[in-house]
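Derivation of every value follows stated rules applied to the coordinates shown; laboratory data play no part. Because the structure is a prediction, the values reported are computed rather than measured. Cβ placement follows ideal geometry from the backbone for every residue including glycine, while neighbour counts extend to all protein chains displayed.
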Amino acid sequence: MAFTNEQLERYSRHIILKEVGAKGQKKLLNAKVLIIGAGGLGSPVALYLAAAGVGTIGIADADDVDLSNLQRQVIHTTKDVGTPKVESAKKTMEKINPDVKVITYHTFVTSENILDLIKDYDFVIDGTDNFPAKFLINDACVMAKKPFSHAGIIRFQGQLMTYVPGKGPCYRCVFRNPPPKDAVPTCKQAGVIGAMGGIIGSLQAMEAIKYILGQGDLLTGYLLTYDALKMEFRKVKLPSNTDNCPICGKHPTITKLIDYEQAECDGVHL
Ligand SMILES: [Zn+2]
């Protein structure tokens, strides 16, 4: 596949990087990334992956754009209120970069459909806002041997980690089970600073891009936390012993996917 003149210009700041080059840009154009959730985290991920020329981007979300989303979900505009988030996201991504094929899934991700959704993708982004979805994505990605980026945001705080099969702990190694329903406040109850989605979502996009390029160190085996009020990032080393994990361990006790009770809560265990 040869680049067109337009592509050479569009991706010139990538191609000039020794870690990317023409070869890396081709890897990006051939890559397939699935973003689950077109909200506060999914918006910046989708914008940066589309701009970077990730050739196929899937985006899954069951919701419509709500006026209260626009304070942080920057892929949607005021005009999009009331339309499906996946359609609004696709429209913006195609405007940014016509090289990108956007595939929309206007549906809730459940134990019934997740393995089918992730099977054709190279990397998965968890941009969801609730624990049942986060555990479901983890377990499905472990079972299907798919790398993924986990993240969560609430108030002035965010966190992320990256799972790569065989390379380090999964989300369940660290956070064994979802917290009890209603034990953790939701973004709706607790609030979240809009820029937090931009910061943490951009870091997720960076992890996906590095994974595709095969460059640098990923957040495997580490949890990165960000406290915006203290302006403090902490990279916490996670235990490397995954043997006893109920999903990725030597003797998994979880052998089928679980739909936990859906509590609208956020994904930060802080
Ligand atoms: Zn595990």
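Tell me, Kirkwood radius of the chain from alpha-carbon pair distances, in Å?
On the way: mean 1/r = 0.0534 Å⁻¹.
Taking every pair of different Cα atoms in the chain, averaging 1/r and inverting gives 18.7 Å.
Residue-wise, which Karplus ³J(HN,Hα) couplings in Hz belong to segment 170-186, taking 6.51 cos²θ - 1.76 cosθ + 1.60, θ = phi - 60°, and x for glycine or proline?
With coefficients 6.51, -1.76 and 1.60, one gets 9, 4, 6, 4, 8, 10, 4, 9, x, x, x, 3, 6, 6, 10, x, 8 Hz.
Arranged by the count of other C-beta atoms within 10 angstrom, fewest first, what order do His76, His150, His251, His106 take? Provide the component values of the computation, followed by the final result.
Values: His76 23, His150 27, His251 8, His106 15.
Taking fewest neighbouring Cβ atoms as first place, the list is His251, His106, His76, His150.
Restricting things to Cα coordinates, could you compute the convex hull volume per residue of segment 1-88 in Å³? If you can, show how the numbers build up before the last one.
Values: hull volume 9.5 nm³, N = 88.
In segment 1-88, the Cα hull volume divided by residue count equals 107 Å³.
What is the sum of charges, Lys and Arg at +1 and Asp and Glu at -1, for the other residues whose Cβ falls under 15 Å from the Cβ of Pro44?
-2
Given DSSP loops and a limit of at most 16 other Cβ atoms within 10 Å, what is the longest stretch of the chain that contains no such chymotrypsin sites (Phe, Trp or Tyr not before Pro)?
Excluding the exposed sites themselves, the longest stretch runs over 4-107.
What is the Cα coordinate range of segment 81-192 on the first, second and third principal axes, sorted by size from largest, in whole angstrom?
For segment 81-192, the Cα spread along each principal axis is 41, 37, 26 Å.
Mind sorting Leu160, Leu70, Leu229, Leu203 by how few other Cβ atoms lie within 10 Å of their own Cβ, fewest first?
Ascending number of Cβ neighbours within 10 Å: Leu229, Leu70, Leu203, Leu160.
Tell me which DSSP H helices of the chain clear both cut-offs, 18 Å or more of axial length from alpha-carbon atoms and a mean Kyte-Doolittle hydropathy of at least 0.5. Before the final figure, lay out each step's value.
On the way: long enough: 131-144 (19 Å, 1.10); 194-213 (29 Å, 1.01).
Length and hydropathy pass: 131-144, 194-213.
What is the percent of Cα-Cα separations in segment 169-221 that go past 17 Å? Don't jump to the answer; show the numbers that get you there.
On the way: 842 of 1378 pairs.
Counting every Cα pair in segment 169-221, those more than 17 Å apart make up 61 percent.
Can you give the Rg to Rh ratio of segment 1-158, both from alpha-carbon atoms, with Rh computed by the Kirkwood formula?
Values: Rg = 15.9 Å, Rh = 16.2 Å.
That ratio is 0.98, to two decimals.
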